[in-house]
Amino acid sequence: MTIRAVEWNTDSIILLDQRLLPKKTEFITLRTIEDVWESIFELKVRGAPAIGITASYGLALWASQATFDSVDKFKKELSVKKDYLCSARPTAVNLFWALERLVSSIRNTDSIEQAQAQLVEEAIRIDLEDEEVCRQIGEHAWTLLKDGDTVLTHCNAGGIATAKYGTALSPFYLGKERGLSLRAFATETRPVLQGARLTAWELQNLGVDVTLITDNMVAHTMKTNSINAVIVGADRVAANGDTANKIGTFGIAIIAQALGVPFYVAAPLSTIDLSTKTGDDIKIEERHPDEIRRIQNELIAPTNIPVFNPAFDVTPSHLITGIITEKGVVKGNYEEALQALFT
Ligand code: MRU
């Protein structure tokens, strides 16, 4: 059975609390926009598309509870609440994309009741579309893979980071459906261990042959284990193809190039941001120092040791063999090819 990370429940949102995995599979109920903000900030929900979906439902939830005496006041406050949700995390562009889409969907609506209904409909549409988009990404990924291949992945770009299927993990789901086998190496992904806690758990549940390695084992593993490809997700792809993804991705791309292993980014169009020119323009989130000083709340370093904790890094496009989107695999001149996806 596939677990959905986020589900709309008419007057609330049901969320898989990803901080507790793999020890506990627990669902929480979000009843206010503040609950939604906190869940995104605290990584109860994470992964660019899942953040966008949750925020959309969060804005629709706020709207459904709001009472105003004019549609203009409603729209003004909607925009304030949109900015509030956008402040939860700065790097994953899906958050901004999804909320902008929601606000745009009611631009020409002049009744509050109608706007409330439309916002819920639009959030559901974003959720359902993401499922289909991720499936298509899996289809296109398979044009680059063959039965029996071994893929190394970083962080978690799986079903629980999206509506369903995932981006980087989508070919594993499609492979299972079709009786095609893919082996996986998952990096543990310090500091908060999305690889060890989430990808290892998700792929194991799917029945995939998955091996866990620590982040500093990537070069040796690639050299000694015939890795056919690296596939990672993305939080934001700039117009020139530079890609922000979980911290450590850049290093893996350098290693892949040094060892001649193809390095693919799997990303839906909702993660491609043509208004961000290059990777230098992407804001990189820095998180709490205790994520480094502690592992699962256990102190592993001096209490007050200074820490640098960027949550993401940017892989320059020249290290990326191809970007796997729902519309096909983009290679070569990223500037032109990415632009062409939107026209
Ligand atoms: O901090 P996280 O767990 O939200 O980071 C997630 C990633 O970096 C994923 O690779 C990315 O969001 C793509 S998820 C399909």
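This table checks each residue for (1) more than 16 Å from residue 168 (Cα to Cα); (2) not acidic (Asp, Glu).
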| site | (1), (2) |
| --- | --- |
| 91 | yes, yes |
| 95 | yes, yes |
| 101 | yes, yes |
| 110 | yes, no |
| 114 | yes, yes |
| 118 | yes, yes |
| 123 | yes, yes |
| 134 | no, yes |
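Contact annotation: residue pairs with Cβ atoms under 8 Å, 6 or more positions apart or on different chains, pairing a residue in the range 325-343 that is in the same structural domain as residue 234 (by TED's automatic domain parsing) with a partner that is aromatic (Phe, Trp, Tyr), are 329/264. Does residue 107 count as surrounded by fewer than 19 Cβ atoms within 10 Å (Cβ to Cβ) and closer than 24 Å to residue 327 by Cα? It is false that residue 107 is surrounded by fewer than 19 Cβ atoms within 10 Å (Cβ to Cβ) and closer than 24 Å to residue 327 by Cα. Would you call residue 115 buried (at least 18 other Cβ atoms within 10 Å of the Cβ) and within 23 Å of residue 227 (Cα to Cα)? Against the criterion (buried (at least 18 other Cβ atoms within 10 Å of the Cβ) and within 23 Å of residue 227 (Cα to Cα)), residue 115 does not qualify.
If the condition is being small (Gly, Ala, Ser), more than 13 Å from the ligand (Cβ to nearest atom) and not in a loop (DSSP other than H, G, I, E, B), then the range 41-84 contributes 56, 58, 60, 63, 64, 79. For the range 131-159, filtering for residues that are farther than 21 Å from residue 221 by Cβ, among the hydrophobic types (A, V, I, L, M, F, W, C) and away from the ligand (no atom under 15 Å from the Cβ) leaves 1.
Being outside any loop (DSSP other than H, G, I, E, B), more than 16 Å from the ligand (Cβ to nearest atom), among the small types (Gly, Ala, Ser) and in contact (Cβ under 8 Å) with a residue 12 or more places away in the chain narrows it down to one residue among 123, 196; which is it? Testing whether each residue is outside any loop (DSSP other than H, G, I, E, B), more than 16 Å from the ligand (Cβ to nearest atom), among the small types (Gly, Ala, Ser) and in contact (Cβ under 8 Å) with a residue 12 or more places away in the chain leaves just 123.
In the range 299-343, the qualifying residues are those that are of a type in the set (D, E, K, R) and within 16 Å of the ligand (Cβ to nearest atom), and the one that is nearest to residue 189 (Cα to Cα) is 313.
Does residue 254 satisfy being more than 29 Å from residue 229 (Cα to Cα) and among the aliphatic types (A, V, I, L, M)? Break it down into steps so the answer makes sense when it comes.
Numbers: more than 29 Å from residue 229 (Cα to Cα): no; among the aliphatic types (A, V, I, L, M): yes.
No.
Residues of the range 206-238 that are touching a residue at least 60 places away in the same chain (Cβ under 8 Å), surrounded by fewer than 20 Cβ atoms within 10 Å (Cβ to Cβ) and part of a loop (DSSP other than H, G, I, E, B): 225, 226, 228.
Looking only at the range 160-174, filter to residues that are touching a strand residue (DSSP E or B) at 6+ places or on another chain (Cβ under 9 Å) and assigned to a loop (DSSP other than H, G, I, E, B); which one of those is nearest to the ligand (Cβ to nearest atom)?
First, the residues of the range 160-174 that are touching a strand residue (DSSP E or B) at 6+ places or on another chain (Cβ under 9 Å): 160, 163, 166-172.
From what is left, the residues that are assigned to a loop (DSSP other than H, G, I, E, B) are 163, 166-169.
Details: 163: 10, 166: 6, 167: 4, 168: 7, 169: 8 Å.
Filtering first and then ranking leaves 167.
Summed over the range 1-39, residues that are surrounded by fewer than 24 Cβ atoms within 10 Å (Cβ to Cβ) and in a helix (DSSP H, G or I) total 5.
The values are calculated or read from the model by the stated rules, or taken from the named source; none is laboratory data. Just so we're clear, the structure is a prediction, and the values are computed from it rather than from any experiment. A quick note on method: Cβ atoms are made from the backbone with ideal geometry, for glycine too, and the neighbour counts reach across all protein chains shown.
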